[in-house]
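A.B. asks: Structure incoming, see below.
Just so you know, all these numbers are worked out from the coordinates, no wet-lab data involved. If you're wondering where the values come from, they're calculated on a predicted model, not measured in any experiment. Please note: Cβ atoms are built from the backbone with ideal geometry, for glycine as well, and neighbour counts cover all protein chains shown.
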């Protein structure tokens, strides 16, 4: 199992804890195992389908949503996606998740256009 980036000598990233309003996120989802799942590849695949997720509620935001964690199996669901209106109709292969208002860990990043 690989250790997190902050344990491999990379620059640590501290999340900002924010209370955000309820959002709906549309994107690609995977069921993965802690330390073994290629989330970077999921984000790359999302980029190739970005034009299918229109209109977006906020143009320059993306969310990674983790849910359904099973501590015994070390498995979780992860959805990489974009914020959309709650009434968004998802095309085939695109998942939707409605996230209630709650505290979130926010990590700022800049990705290539």
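A.B. asks: Using 1/(1 + (r/R0)^6) with R0 = 30 angstrom and r between the beta carbons of residue 102 and residue 51, what's the FRET efficiency to the nearest 0.05?
C.D. replies: Once rounded, the FRET efficiency stands at 0.50.
A.B. asks: Taking N as the number of residues in the chain, what is its alpha-carbon radius of gyration divided by 2.2 N^0.38 Å?
C.D. replies: 1.10
A.B. asks: So what is the relative contact order for the chain, in percent, with contacts set as C-alpha pairs under 8 Å and at least six apart?
C.D. replies: Relative CO of the chain lands at 42 percent.
A.B. asks: Could you check the simple spin-label distance between residue 67 and residue 95, using points 7 Å along Cα→Cβ, in nm with one decimal?
C.D. replies: 0.9 nm
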